[in-house]
Amino acid sequence: GSPASHAHPTMATAAVVANGDIICEASAGTSDKSTVFVTASISKTFLAALALQCVERGELELDEDINLHLPSSARIRNPFFPQLPITPKQLLQHRASLVDDESALQYGSPWRWPAGSSHAIGLEEYITRLDSNTLWSDRAGPGDEVYHYSNAGFTLLGLVIQEAAGVPLGELGRDRLFHPLGMLSTGYFLTELEQLESVEFAQPQGQPEPGQYEVAEFPAAQVRSTVQDLCKWLLLLTAPRADPDHCVLSRTSIAEMLPASFERSLAWWGMDALYGERIPGVYSHGGFMQGVRTHIYLWPATAEDSWGAGCVVLLNGEADYSHVVAEMKLVLSASSRVARERRTVMNATESVVTCVGLGDDIVEHSLMTL
């Protein structure tokens, strides 16, 4: 097959899911529904699923001390509250008293490197970063501390899950989650996805260092995927509540990840997060890294026999995408009407493409409406 290619122009792609189907897709630039983008922090939603899978298999408990699964050389406690254990649930809810910032993802950080570099850092080495007192709250301990969004926490959780399952996290994601859902162009590592035939990668734009890059906080921020694959993720999560358990994740686990109260979710942004919509009825998660902007929205099913809805937008640049989201919501409002006029969905989708066309960098766009 043809080798993988890394496209340089600014690209964007968006899709809307409702009633158990992809009701529209739109792309701008040279991208299409099969172009692979960095999803950035949308990655955290997959880690929640992997954690819940471990719970279903008896490999992990959400309320147990994570040190039960870490090697003795890598035991983790908040140095200001050493008597308090840290649990997987606290990490999933950003309440483990870690107070790190985004600096490890930035250009020039020792925890980031050009893709393919021999400098790559594994999870065990990254965890030594948590020896620094500056990454921990001295005001309140795990479980008592207020919500503080933490990439370090999700990276630590990635190691916990890997140790609990006895399988490297990249393999775990592929074999337990991505491939069973048919997400064949999704994975944690670029080298793995580059083995796919004729795949195009959207290269992050507008950053100090050109080219693809990788980060030590990969469980929190490095899953690469396509809009087509992310729709499969949304279709699992928007299925009617009365549907039978899926082989990937039980309905009970999905309900634990996405509580009906829209608070204390696992990974997703609900009403009590610092980001997102923060209104009843919708979960979301954004991704913000240098040269990358992404967002996924999820309106879970509200009845036993009805479907929810969702939408996703992926950009390999740093443009504002709020207008794209507004247009996708128009698509959803159109699709919910009994008539569901195809023309309305088409017009709104064309508007998405127009909005996604991020200026002079966009020389062509394609549109597909299903």
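The values are calculated or read from the model by the stated rules, or taken from the named source; none is laboratory data. These numbers come from a predicted model, not from an experiment. Cβ coordinates were reconstructed from backbone atoms using ideal geometry, including for glycine residues, and neighbour counts include every protein chain displayed. Heavy atoms of the whole protein, side chains included, go into the accessibility calculation; ligands, DNA and RNA do not. Shrake-Rupley method; radii C 1.70, N 1.55, O 1.52, S 1.80 Å.
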**Study point:** Heavy atoms of residue 102 accessible to a 1.4 Å probe, total area in Å² rounded to 10
**Key:** 70
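Can you tell me the relative contact order of the stretch 51-203? Whole percent, Cα pairs under 8 Å, sequence separation 6 or more.
It rounds to 26 percent for the stretch 51-203.
Could you tell me whether the stretch 270-320 comes out rounded, prolate or oblate from its Cα gyration tensor? Rule is a ≥ b ≥ c as square roots of the eigenvalues, rounded for a/c under 1.5, then prolate if a/b exceeds b/c, otherwise oblate. Walk me through the numbers on the way to the answer.
Details: a/c = 4.33, a/b = 1.86, b/c = 2.32.
Oblate.
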Practice item. Enumerate the calculated ³J(HN,Hα) couplings along the stretch 91-99 in order (Karplus 6.51 cos²θ - 1.76 cosθ + 1.60, θ = phi - 60°), each rounded to whole Hz, writing x wherever the residue is Gly or Pro. Key: 5, 5, 9, 6, 10, 9, 6, 7, 10
Review point. Tell me, what HN-Hα J-couplings in whole Hz come from the Karplus equation 6.51 cos²θ - 1.76 cosθ + 1.60 at θ = phi - 60° for each residue of the stretch 13-28, using x for Gly and Pro?
Key: 8, 9, 8, 10, 10, 7, 6, x, 8, 7, 8, 6, 9, 8, 9, 9
Review point. Once label points are set 7 Å from the Cα along Cα→Cβ at both residue 209 and residue 57, what is their separation, rounded to one decimal in nm?
Key: 3.3
**Study point:** With eigenvalues of the C-alpha gyration tensor scaled by 5 and rooted, the stretch 1-146, Å
**Key:** 35, 22, 16
**Study point:** Values of log10 I(q)/I(0), in the order q = 0.13, 0.14, 0.18, 0.23 Å⁻¹, for the stretch 77-180 under a Debye, Cα-only, solvent-free model
**Key:** -0.53, -0.61, -0.95, -1.28
Point to revise | Apportionment of accessible area to carbon and sulfur, the stretch 179-249, percent (1.4 Å) | key: 51
Check your understanding: So which residue, out of 69, 285, 119, gets the largest mean-square fluctuation from a GNM of the chain using Cα contacts under 10 Å as springs?
Key -> 119
Review point. Dipole of the stretch 99-158 (Lys/Arg Cβ +1, Asp/Glu Cβ -1, origin at the Cα centre): which of 158, 137, 147 lies farthest to the positive side?
Key: 158
**Study point:** Length-normalised contact order of the stretch 154-268 in % [C-alpha pairs under 8 Å, at least 6 apart]
**Key:** 25
Review point. How far is helix 43-56 tilted, in degrees, relative to the longest principal axis of the Cα atoms in the chain, given as a value from 0 to 90 rounded to the nearest 10?
Key: 60
Check your understanding: residue 39 accessible area, nearest 10 Å², 1.4 Å probe?
Key -> 0
Review point. Using the alpha-carbon atoms, what tilt in degrees (0 to 90, nearest 10) does helix 342-356 show relative to the longest principal axis of the chain?
Key: 60
Point to revise | Nearest-ten-degree value, helix 227-237 long axis tilted from longest Cα axis of the chain | key: 70
Revision key, fill the gap. Listed by chain and number, the residues whose amide H is under 5 Å from that of residue 213, excluding neighbours fewer than 5 places away on the same chain and using placed H, are 115
**Study point:** Dipole of the chain, positive end: most advanced residue of 51, 39, 248 [Cβ charges, Cα centre]
**Key:** 248
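Rounded to the nearest whole Å³, what is the per residue volume of the convex hull around the Cα atoms of the chain? Before the final figure, lay out the partial values.
Numbers: hull volume 48.4 nm³, N = 370.
Dividing the Cα hull volume of the chain by its residues yields 131 Å³.
Could you tally the net charge around residue 263, taking each other residue with its Cβ under 14 Å from the Cβ of residue 263, Lys/Arg +1 and Asp/Glu -1?
Numbers: positive: 89, 95, 264, 278; negative: 256, 272, 277.
Value of the local net charge: +1.
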Review point. Can you give the Kirkwood hydrodynamic radius for the stretch 205-254, in Å, rounded to one decimal and based on Cα pairs?
Key: 13.9
Check your understanding: Once Lys and Arg get +1 and Asp and Glu get -1 on their Cβ, which of 280, 311, 292 lies farthest toward the positive end of the dipole of the stretch 253-316?
Key -> 292
Review point. What are the extents of the Cα atoms of the stretch 154-246 along their three principal axes, listed from largest to smallest and rounded to whole Å?
Key: 49, 31, 24
Review point. In whole angstrom, how far apart do the alpha carbon centroids of the stretch 127-159 and the stretch 277-311 sit?
Key: 25
Practice item. Would you mind getting the accessible area per residue of the stretch 154-301, heavy atoms of the protein chains only, 1.4 Å probe, in Å²? Key: 33
Check your understanding: Which of these, 120, 152, 28, has the largest mean-square fluctuation under a Gaussian network model of the chain (Cα springs below 10 Å)?
Key -> 120
